[in-house]
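Following: one structure in structure tokens, then a few remarks.
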Amino acid sequence: MRADAGYSTIKLENDHGAVLAAKAQPKASRRFSMDSPRLAPGRYHVVYRVLSPDGDMLRGRVDFVVDE
């Protein structure tokens, strides 16, 4: 499945909901990545939205913790 460009987004948020980095899909592709800023210890979330060529919207969230 290739994600439609423009509608597909990815965000990195801290535990308070502040967006630390964000990116929109630059072109239709099977891969979508984003560089992350240096993260202090704490809880973070990667929030994504992908629109497939057939119109299905997939949303998700990946939670992770950065230790010292």
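Rule-based calculations on the coordinates, nothing more; no lab input. Everything numeric here is computed off the predicted structure, so don't read it as measured data. Neighbour counts are summed over all protein chains in view; Cβ atoms, including those assigned to glycine, are modelled from backbone coordinates with ideal geometry.
Observations on the structure shown:
- Subset of segment 25-49 [over 9 Å from the mean Cα position of the chain (by Cα), in a strand (DSSP E or B) and either surrounded by 14 or more Cβ atoms within 10 Å (Cβ to Cβ) or acidic (Asp, Glu) (or both)]: Tyr44
- Cβ pairs under 7 Å, 6+ apart, first in segment 36-59 and within 11 Å of Leu20 (Cα to Cα), second among the aromatic types (Phe, Trp, Tyr): Tyr44/Phe64
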